[in-house]
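Peer 1: What follows is a single structure, and I will ask about it in a moment.
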Amino acid sequence: MQGLVMAEQSCLISQKLIAANAATLNGGVRLRTNLNDSAACTIAAAAADRVIVNLQFLRGIAALFVVADHLLERLVKRGAYPAEYRDLAWSLGTVGVEVFFAISGFIMVYTMADAFGRRGASIGFLIRRYLRIAPLYYLTTVAAILMTAIVKHVSPQGLDLAKSLAFIPYRNAEGLLQPVYALGWTLNYEMFFYVVFAIAMLLPLRLGLAAVLIILSSLVVAPLAGWNISSAPSQVQDILEFLTRPIILYFTLGILVAIAYRRVGRRGVALPDAVICLGVFLLLLASALWRWPHGLSIGAAIVLTTLVGALKPSPMFNALARTIGDASYSVYLTHSFLLGGLASAFARLPMRGSAWLIAYCALACVVCLTVGWLTWRHVETPLSRILRKKARPGVILAQGRPA
């Protein structure tokens with residue numbers, strides 16, 4: 001559906017250009033123009049759908065990397081595998097989150113470029129992003145609170161919960177910059193990025209994107225240039241420490257790839273489905289295993305998924321990519337409720353070694369993907385639909401293509 005909506009706008013652009021040319025030509029050429037118009041729309045629809053399908057696949061792989069990370073951590077904690085595997089777990093999870101951020105940067109430019117400078121687009125964008133992110137996050141936060149209360153007999157403080165639900169970074173009782181539901185730390189970055197992006201949408205496209213790049217880059221560079229935040233109140237220090245971490249630059253990476261795509265990448269090249277899937281997976285896995293520069297690897301993965309299309313897109317690949325992509329957000333927010341039991345079961349088994357670890361990770365990914373897809377299908381999607389109906393239609397429609 002996203003790809004079709006995006007293609008509609010590409011078709012409208014094509015139609016305007018073709019109509020302008022046709023106005024000066026004879027009727028016979030107009031007839032050929034109408035045929036070209038239809039062909040242009042078909043090509044635009046196919047290109048837009050290809051990009052979305054490939055990015056869905058990449059987003060799903062990123063979510064499963066996070067699942068593998070957290071399963072490994074739990075297996076090490078239970079003594080099933082040595083502590084050295086923590087480094088592998090950390091690398092897998094880091095790559096997964098960085099891919100999420102880079103995809104966000106790309107998708108926001110890809111879907112919102114036509115909305116820059118439009119009246120009402122900025123606030124509409126923020127409302128849409130909030131309705132996309134918040135509902136399921138709030139539900140899983142409540143579930144995490146209930147589980148913690150039952151198992152550990154501990155409840156969060158009211159102020160901590162309020163900050164968590166408002167996506168405000170703070171330092172918890174353990175000294176970590178994490179919300180009540182720990183997985184929400186990535187969403188704090190996402191929401192901050194959306195706010196910056198929404199403000200930039202008040203400007204023309206080029207100025208707006210330049211503003212986003214400058215703001216995010218300056219946050220990381222400022223501490224390196226000697227900016228001292230120690231004089232600020234402790235709560236402000238926590239927020240600044242959180243927002244000045246280099247991981248925020250992966251949003252800019254996605255933006256830069258999107259800018260390049262808009263300029264030179266729409267033609268693309270074609271490879272078999274299997275080559276695309278295997279290439280992206282191995283590129284990200286190698287980045288985690290051998291500590292390749294993540295920025296280069298993730299940038300290359302996004303370039304591969306956006307500039308490369310299948311020679312003959314197969315229904316199986318499309319179904320796989322859409323399934324894991326659609327479910328990726330639900331997988332991310334629900335997998336922690338499943339991995340405790342899975343890790344305990346795996347730890348009781350006598351089988352060890354790398355081959356069995358791969359099998360455990362694969363099984364955990366299948367279980368978490370299944371539950372995540374069911375959550376997306378029966379909770380996330382209906383809830384988002386209800387909330388969007390209650391929102392002001394003018395605001396939602398003013399913000400451009402849905403993402």
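Please treat every number below as a calculation from the coordinates, not as lab data. This is a predicted model, so every value here is computed, not measured. Quick reminder, even Gly has a Cβ in these numbers, built from the backbone with ideal geometry, and neighbours come from all protein chains shown.
Peer 1: I'd like the per residue volume of the convex hull spanned by the Cα atoms of the stretch 60-397, given in cubic angstrom.
Peer 2: Measuring per residue, one finds 162 Å³ for the Cα hull of the stretch 60-397.
Peer 1: Label-point separation (nm) for ALA143 and ALA345, each offset 7 Å from Cα along Cα-to-Cβ?
Peer 2: Simple spin-label model gives 1.7 nm for this pair.
Peer 1: Quick one: what are the phi-derived ³J(HN,Hα) couplings along the stretch 341-349, Karplus 6.51/-1.76/1.60 with θ = phi - 60°, whole Hz, x for glycine and proline?
Peer 2: The phi angles translate into x, 5, 5, 5, 5, 5, 5, 7, 6 Hz.
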